[in-house]
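K.L.:
Below: one structure in structure tokens.
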């Protein structure tokens, strides 16, 4: 089972990280994952008893008290549509000003491809020395999408036109122009939320197959196949990570402790509309609370 973990006392982050790393070295069945984008650490253990043992060791051996919670899901954002956007960054406040204008085209890229930036500038309308700044601004804007603040993936951005000023243009001006053009254009490209999906294999005694299948369906699973193995059945399914929280506990309960499962990351796919709206609303509430 997996749980998010953080120190109770502010300032104990490094102390907790070091203690968890030490425990992992001593016990390979205990795993630790760190996600900088979500600013969380997740521990994977054999079950609730294993988790309790880890928490006791943290407190008694390392003097660190920690809190457990439900892990955040590493959502992503992408686009289904295409648009062209221009943005002019111009600022004059006495002396040298700031100026940079970019025209970009945003469109979907192949799922899993990440980000593709194309420099299609001709005639030197934007000097080549400023092109990396435009790309940097776009990449920075992609770190937090406009839907739920999740990283943006699988988009192609083409820089095809722009303008510069002999005195006022700079790397900073073009970086800002690139960033703002992407932020505004992204919301015009039919943005959607993506969620991680895992391949899950469950082996259960035949007597519990129906219950387990029904539970998987309730978790938005897509059943890929069922294979009889003597008195047991192997079920293969693709399940959203958001639906797998404490699955080991629930599976044991459904199968009187006889069911086992394994899971492996598969891919990202679009979140159903109604579910996405809830996630986006929650993300906005969290952002407002943190402001």
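K.L.:
Out of region 185-196, which residues are in contact (Cβ under 8 Å) with a residue 60 or more places away in the chain and either part of a loop (DSSP other than H, G, I, E, B) or more than 30 Å from residue 158 (Cα to Cα) (or both)?
P.N.:
Within region 185-196, 188, 189, 190 qualify.
K.L.:
Given the residues 124, 112, which is the only one that is surrounded by fewer than 17 Cβ atoms within 10 Å (Cβ to Cβ), at positive phi, outside any strand (DSSP E or B) and free of Cβ contacts under 8 Å to residues at least 60 places away in the same chain?
P.N.:
Of the residues listed, the single one that is surrounded by fewer than 17 Cβ atoms within 10 Å (Cβ to Cβ), at positive phi, outside any strand (DSSP E or B) and free of Cβ contacts under 8 Å to residues at least 60 places away in the same chain is 124.
Conditions tested, residue by residue: (1) closer than 28 Å to residue 157 by Cβ; (2) assigned to a loop (DSSP other than H, G, I, E, B); (3) at pLDDT 95 or above.
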| residue | (1), (2), (3) |
| --- | --- |
| 14 | no, no, no |
| 17 | no, no, no |
| 25 | no, no, no |
| 28 | no, yes, no |
| 33 | no, no, no |
| 43 | no, no, no |
| 89 | yes, no, yes |
| 93 | no, yes, no |
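K.L.:
I'm trying to understand the selection: among the residues of region 180-210, which are within 22 Å of residue 130 (Cβ to Cβ), surrounded by fewer than 22 Cβ atoms within 10 Å (Cβ to Cβ) and touching a helix residue (DSSP H, G or I) at 6+ places or on another chain (Cβ under 6 Å)?
P.N.:
183
K.L.:
Do we find a residue being surrounded by 16 or more Cβ atoms within 10 Å (Cβ to Cβ) and closer than 30 Å to residue 49 by Cβ anywhere in region 261-280?
P.N.:
yes
K.L.:
Oh, and also: Taking the condition under 30 Å from residue 194 (Cβ atoms), buried (at least 19 other Cβ atoms within 10 Å of the Cβ) and touching a strand residue (DSSP E or B) at 6+ places or on another chain (Cβ under 8 Å), does residue 64 pass?
P.N.:
Judged against the criteria, residue 64 is not a match.
K.L.:
Output yes when any residue across region 245-258 is touching a residue at least 40 places away in the same chain (Cβ under 8 Å) and under 18 Å from the mean Cα position of the chain (by Cα), and no when none is.
P.N.:
Yes, the conditions are met somewhere in region 245-258.
The values are calculated or read from the model by the stated rules, or taken from the named source; none is laboratory data. In this text, all values refer to a predicted model and were calculated from it rather than measured experimentally. Quick reminder, even Gly has a Cβ in these numbers, built from the backbone with ideal geometry, and neighbours come from all protein chains shown.
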